[in-house]
Amino acid sequence: MTEPVAHRIILDCDPGHDDALAILLAAGHPAIELACITTVAGNQTLAKTTHNACVVASVAGLDDVRVAPGAERPLLRELRTAPSFHGESGLDGPATIEPTVRPSDIHAVDLIIETLMDAPGETTLVATGPLTNVALALCKEPRIAQAAKEIVIMGGAYTRGNTTPAAEFNILVDPEAASIVFGASWRLTMMGLDVTHQALCSEGDQRGIAAIGSDVSEFACGLLDFFRTAYRDVAGMSDPPIHDACAVAYVADPTLFEVREAAVEVETHGKFTSGMTVVDFSGKGAPGERFVGTSLRRESFWEMTIDAITAIG
Ligand code: BDR
Ligand code: CA
């Protein structure tokens with residue numbers, strides 16, 4: 001008899017190289033059932049992030065997983081993209097692939113609501129892009145906050161930003177949406193830069209992926225080659241941080257991480273601090289059910305990722 005899958009997730013994302021690794025991890029990890037993928041504008045335009053999600057889903061053999069496009073722009077602001085890290089396509093690097101998976105007709109916001117409301121308490125929402133879709137889903141159906149088992153977000157930071165000195169990219173793109181999401185009454189875990197910058201892909205880690213020797217590993221290495229060069233040239237980092245895979249890894253095995261309870265507010269007005277996540281570990285004013293990642297067992301993270309890519313076949 002096969003074991004029941006432990007964790008059902010929705011992955012709301014903006015692929016993006018590290019989003020793509022997050023999809024591969026979700027596709028191959030035995031404890032994760034990927035209910036659906038929803039896309040949002042962020043690293044690139046919605047058309048590109050949706051196409052890229054379809055490409056990754058095709059590579060991963062996720063032909064039965066719906067990919068639903070969502071918001072084309074942030075709630076109130078102009079869209080800001082990240083071509084310097086992800087290229088003009090949003091997924092530069094690997095050879096061009098014509099996806100077999102096609103975008104679904106349903107809107108991401110409706111698919112998030114439908115998936116959470118159909119099975120209350122059973123699904124974790126993992127968000128690895130700007131939080132526009134999630135905020136819109138909360139506005140349209142506030143009961144999703146009770147229906148979700150948890151929300152795990154890649155976004156924010158308590159020590160530094162990466163797009164401004166104060167703000168991390170996903171939160172900065174749509175701070176108003178982030179404020180709605182962080183303000184809702186659900187169990188929320190934030191995997192910010194403080195922990196995702198520990199998920200560096202060394203050349204040795206990448207050799208471990210290459211050694212798998214499959215089409216999927218070749219695709220992943222194409223992504224990592226581009227991402228490594230971009231992080232070196234743009235951020236002066238020798239190894240790229242695989243931010244978004246941390247959020248999926250946390251759902252699959254929380255023992256890989258240390259998290260601390262904290263209160264988190266999102267700055268929406270500051271002249272220099274807009275998009276900042278203001279994290280208070282003091283215990284004062286913490287609303288409860290708010291957790292912030294602080295550290296990661298890096299080697300176990302890469303073992304998990306390599307095992308998942310191997311399992312895709
Ligand atoms: C986040 O921003 C995006 O560029 C990445 O995909 C990740 O979600 C890191 O700040
Ligand atoms: Ca992302």
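The values are calculated or read from the model by the stated rules, or taken from the named source; none is laboratory data. No experiment lies behind these values; they were computed from the predicted model shown. FYI the Cβ positions are ideal-geometry reconstructions off the backbone, even for glycines, and counts take in every protein chain you see. Surface areas here come from the heavy atoms of the whole protein model, side chains and all, with no ligands, DNA or RNA. Shrake-Rupley method; radii C 1.70, N 1.55, O 1.52, S 1.80 Å.
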In Å², nearest 10: area of residue 76 left accessible to a 1.4 Å probe: 140 Å²
Given a 1.4 Å probe and the protein chains all in place, what does the accessible area of residue 154 round to, in Å² to the nearest 10? 0 Å²
Leaving out ligands, DNA and RNA, and with a 1.4 Å probe, what % of the accessible surface on the chain is carbon or sulfur? 50 percent
If the cut-off is a Cα-Cα distance under 29 Å, which lysines reach residue 140, setting aside same-chain residues fewer than 8 apart in sequence? 48, 149
Shape call for region 7-312 from the C-alpha gyration tensor, a ≥ b ≥ c root eigenvalues: rounded (a/c under 1.5), prolate (a/b greater than b/c) or oblate? rounded
Answer rounded, prolate or oblate for region 1-69, using the Cα gyration tensor with square roots of eigenvalues a ≥ b ≥ c: rounded when a/c is under 1.5, else prolate when a/b is larger than b/c, else oblate. prolate
Can you tell me how region 60-142 classifies by the Cα gyration tensor, rounded, prolate or oblate, using a/c under 1.5 as the rounded cut? oblate
For 72, 176, give the ranking by accessible area with the largest first, probe 1.4 Å. 72, 176
For residue 298 and residue 176 in the same chain, what is the full-extension length gain: residue separation times 0.36 nm, less their Cα-Cα distance, in nm? 40.7 nm
Would you list 271, 140, 284, 48 from the most to the least accessible area, probe 1.4 Å? 271, 284, 140, 48
Counting only DSSP beta bridges with both partners in the chain, the antiparallel fraction in percent, to the nearest 5, comes to 25 percent
Zone residues, region 230-264, relative to residue 280, backbone N less than 12 Å from point 7 Å out along Cα-to-Cβ: 262-264
Can you give me the relative contact order of the chain as a percent, contacts being Cα pairs under 8 Å and 6 or more apart? 21 percent
If ligands, DNA and RNA are left out, what is the accessible area of residue 219 with a 1.4 Å probe, given in Å² to the nearest 10? 10 Å²
In nanometres, what is the gap between the two model label sites at residue 100 and residue 84, each 7 Å from Cα along Cα-to-Cβ? 3.9 nm
Please give the per residue accessible area of the chain, computed with a probe of 1.4 Å over protein heavy atoms only, in Å². 40 Å²
